[in-house]
Structures are given as C-alpha cells and as structure tokens.
1. Mind listing whichever residues of region 377-393 are within 24 Å of Glu292 (Cα to Cα) and either part of a loop (DSSP other than H, G, I, E, B) or not hydrophobic (A, V, I, L, M, F, W, C) (or both)?
2. Output the qualifying pairs, or none if there are none: Cβ atoms under 6 angstrom, residues six or more apart or on different chains, first residue in region 88-106 and of a type in the set (S, T, N, Q), second residue part of a loop (DSSP other than H, G, I, E, B).
3. Which number in (1) touching an Asp or Glu at 6+ places or on another chain (Cβ under 9 Å); (2) among the acidic types (Asp, Glu); (3) farther than 17 Å from Leu286 by Cα marks the one condition that Glu343 misses?
4. If Gly150 satisfies all but one of (1) out of contact with any Phe, Trp or Tyr (no Cβ under 8 Å at 6 or more places or on another chain); (2) assigned to a helix (DSSP H, G or I); (3) modelled with pLDDT under 95, what's the number of the condition it fails?
5. Restricting attention to region 158-212, report how many residues are surrounded by fewer than 18 Cβ atoms within 10 Å (Cβ to Cβ), within 28 Å of the chain's Cα centre (by Cα) and assigned to a loop (DSSP other than H, G, I, E, B).
6. Restricting to region 10-33, and then to whatever is in a loop (DSSP other than H, G, I, E, B) and under 11 Å from the mean Cα position of the chain (by Cα), can you tell me which residue is nearest to Thr262 (Cα to Cα)?
7. Does Glu271 satisfy being more than 28 Å from Leu364 (Cα to Cα) and either at pLDDT 95 or above or in the same structural domain as Pro232 (by TED's automatic domain parsing) (or both)?
Amino acid sequence: MANLVVVGTQWGDEGKGKFVDILSEQAHTIVRFQGGHNAGHTIKVSNTTYKLSLLPSGIIRSDKTAVIGNGVVLDPWELLKEVRLIESMGVKISPERLIIADNIPLILPYHRELDQDREKEAGNNKIGTTGRGIGPAYEDKVGRRAIRTGDLKNEEHLRARLKIALKHHNKLRAYPVQEDWLFEHIMDIAKDVIQYIGPVWQYLHDAMTGNKDILFEGAQGSMLDVDWGTYPYVTSSNTLAGMASIGTGVPHNKIPNVLGITKAYTTRVGEGPMETELFDEVGEHLATVGKEKGTVTGRGRRCGWFDAPLVKKTCMLNGVTGIALTKIDVLDELGTIKIYNGEGYEEHEGWLSSTFGITQYDDLPELAKKYISRIEELVGVEIVLISTGPDREETITLKDPFK
C-alpha cells in the first residue's frame with residue numbers, strides 16, 4: 001500500500017498545495033483531515049491560479065475524488081462559496097467527486113463572532129487567529145455540544161442540538177442568538193451541503209480494499225500543532241501526520257509514507273516565538289522575492305533563516321520519510337546564506353545564479369547543491385523533491401515519495 005500524508009514541517013505556508021496537486025496525479029483519492037478555512041493552498045497550473053481554503057487540492061483534477069474528513073471543522077457557507085468559485089473557473093464538482101464526512105463539526109456564525117471578540121479583547125496578548133471561528137468550533141467539539149454535518153439531515157434533531165449549543169453560547173454574549181433565525185439560516189443551505197455528505201471512513205476503507213492509493217493533505221504546519229507547536233501561539237487542531245488517521249477513520253498502520261514540505265528558509269504568520277526571524281534587508285528580501293503573503297488572510301509573513309533543529313524535531317514527530325524542499329529560488333540573489341544549527345549560525349556562500357524553473361538536479365549550481373546537502377545532514381531526512389517555482393513543472397524529482 002502506498003498511502004501518503006503531506007504535512008508542513010515549519011509554521012505552515014511551506015508550499016504544500018503545489019505538491020499535493022502534483023502527487024494527486026498518482027492517487028485515487030485526496031483527503032483533507034484537519035483544520036478549517038483558516039488555512040489556504042495556492043496552486044498554479046499554467047496561467048491559472050487556484051486558491052483553496054477548504055476543498056482538498058486534488059479537486060482541480062477532474063478524474064480524482066476529494067474528501068473532507070471528520071478532523072476538519074466546516075463552515076458550510078464558506079464551503080458552498082468555494083465550490084461556486086472553483087466551478088466558475090471550469091472545475092466541475094459533483095457529489096461523486098466531493099465527499100464530506102457525516103461527523104464533521106460545523107462552524108456557525110456565533111463561533112466566528114466569539115473568535116473575533118476574543119482577539120479584540122486580548123489586545124497585546126492576542127494569539128493571532130484568522131477570526132474565522134475555528135477555535136470555538138473545536139471547543140464545542142470537545143465540549144460535546146457541536147452541531148455536525150450529519151445533524152443537517154434531521155430537522156428535529158438539528159433543532160435539539162442547536163438548543164444545547166445556544167444554552168452555552170448565549171451565556172458568553174452581550175445579546176443572545178435568535179434560535180429561530182439561526183435554524184432557518186442553516187436550513188437555507190442544508191440541502192446544498194447534504195448532497196455531499198457520506199460515510200467517509202467506509203469510502204476510504206473500500207478504496208484501500210480495491211488497492212487505491214490515498215493522499216492525505218495536511219493544513220498549516222507542525223509548529224502550529226495544538227500539542228507540539230509553540231503553545232499557546234498555535235492552531236486549534238493537531239497538524240501532525242498522526243492526525244490523518246484520527247481525522248479520517250483510516251488506521252495508522254495503513255499510512256506508511258510521510259512527505260514533509262519544508263521551505264528553504266523560515267516563515268510564520270501571526271504571533272509567537274521565531275528563533276531565526278530577520279528584521280533587516282535580508283528579511284525584507286525574503287518577504288518580497290518570496291511573495292510572503294498568507295493565502296487566506298493576505299497577512300505578511302515573518303521571515304528568517306532556515307532553522308535546522310526545528311525541522312529535525314518536526315520530522316521526528318511526524319515520522320517523515322522524505323522532504324520536499326521549496327522556494328530554493330528565493331535565495332538565488334543572496335551572497336551569504338545562513339542556517340541555524342542549534343548552537344549558532346553557519347554561513348554558506350550564495351550561488352548568485354538563477355535556479356528558477358530548473359527541473360534536473362544536475363543543473364543546479366554546485367553551491368545550491370551544497371546548501372541542500374547540508375540541510376539533509378542537519379535534519380537527518382532525505383530530500384526527495386525540490387521546488388524551483390510555483391508551477392507544477394518547476395520541480396526536481398529525486399525519488400517517488402509514495403515509495
């Protein structure tokens with residue numbers, strides 16, 4: 001079996017979308033297993049750029065099935081909005097191509113309002129969330145008061161679950177949510193969502209029984225994991241590879257391969273510590289040349305040198321079997337490139353020539369090869385793919401990560 005999980009090994013924004021898109025050609029089904037629409041993937045195919053925040057990246061391939069697993073929290077209005085947007089770009093989405101688990105917690109308007117209110121009240125102590133309700137929705141999940149996708153199929157049950165949720169949330173608000181209004185608001189879109197809902201776990205088990213390969217698509221990065229990240233400046237879900245099992249119903253021993261997407265330098269969005277952050281012209285260069293803006297929020301990303309101990313740790317936590325190194329071309333114009341090795345900064349001579357669009361490893365500058373090899377040495381994991389630009393074709397393949 002060649003099932004594969006794709007995860008980010010830093011703070012997200014490593015370029016997972018591109019590689020999920022590339023690797024989805026080999027897979028039968030592409031599955032999203034955690035997070036919400038607080039994370040985004042940008043995929044460039046020829047002259048078309050797709051920006052996805054909920055739909056798995058494989059959706060843009062017409063012969064693939066995309067699945068949203070139970071580890072996700074889902075804003076149904078945002079889902080339908082994204083479906084319409086992608087369809088307007090010529091991608092046909094049907095219930096045969098998109099399957100949503102029947103036990104996904106919903107993000108409702110009061111989650112979003114609570115999230116935004118908390119960030120405003122926190123002032124200088126804010127976490128830096130996207131304000132889209134993800135955290136409060138996960139709180140309701142573990143508090144056993146969530147309304148889930150399957151509840152949309154039964155109006156009486158939905159009404160009962162809504163009463164339970166509002167009994168809690170109305171205590172937190174300056175003014176109560178009007179139950180009748182919200183119920184009707186949900187019912188207005190329920191039918192459009194229900195058509196995609198199904199027993200995802202059963203579908204995935206059937207696919208594996210038929211020897212179909214599954215690609216599991218992570219969101220955000222390992223250092224945003226609620227248990228293993230830079231707590232409390234983290235997301236509200238587990239972003240590590242192990243969540244692919246819990247968030248879909250596929251047993252952990254059926255997922256043997258983990259591809260860690262790793263940027264050739266370091267970035268993060270939002271608050272929290274960042275060991276190698278730069279505040280000089282080099283940091284500005286990385287941000288400008290790397291076009292470091294968040295896919296979902298458009299927020300500028302903080303930039304710094306490559307942090308080897310951080311990536312080594314996340315590779316160990318995820319059980320990474322191969323690394324895809326991204327944005328090596330952003331370093332092309334730097335005369336000196338540094339790597340933090342845990343004890344200090346190593347200085348490496350820059351190659352000062354273009355690596356953009358190179359597709360063969362032998363065509364890389366020797367100094368770029370040296371930099372790549374040093375990352376492998378420090379992290380202790382083989383680099384199997386190298387991205388030299390945003391397009392599908394701008395990739396060096398050293399080894400098939402499915403094998």
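The values are calculated or read from the model by the stated rules, or taken from the named source; none is laboratory data. Computed from a predicted structure; not experimentally measured. With ideal geometry, Cβ positions are generated from the backbone for all residues, glycine too; neighbour counts draw on all protein chains shown.
1. Matches in region 377-393: Ser387, Thr388, Gly389, Pro390, Asp391, Arg392, Glu393.
2. Cβ pairs passing all conditions: Asn103/Asn70.
3. (1)
4. Exception for Gly150: condition (3).
5. Selection size over region 158-212: 5.
6. Here is the first cut: in region 10-33, the ones in a loop (DSSP other than H, G, I, E, B) are 10-15, 24-28, 33.
Next, only the ones that are under 11 Å from the mean Cα position of the chain (by Cα) stay: 11-15, 33.
Details: Trp11: 10, Gly12: 9, Asp13: 9, Glu14: 6, Gly15: 8, Phe33: 20 Å.
Filtering first and then ranking leaves Glu14.
7. Criteria met by Glu271.
Let's see how each residue does on (1) touching a residue at least 60 places away in the same chain (Cβ under 8 Å); (2) farther than 30 Å from Ala207 by Cα; (3) under 20 Å from the mean Cα position of the chain (by Cα); (4) not assigned by TED's automatic domain parsing to the domain that holds Ile337:
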{"site": "Thr267", "(1), (2), (3), (4)": "yes, yes, yes, no"}
{"site": "Asp280", "(1), (2), (3), (4)": "no, yes, no, no"}
{"site": "Thr288", "(1), (2), (3), (4)": "no, yes, no, no"}
{"site": "Glu292", "(1), (2), (3), (4)": "yes, yes, yes, no"}
{"site": "Cys303", "(1), (2), (3), (4)": "no, yes, yes, no"}
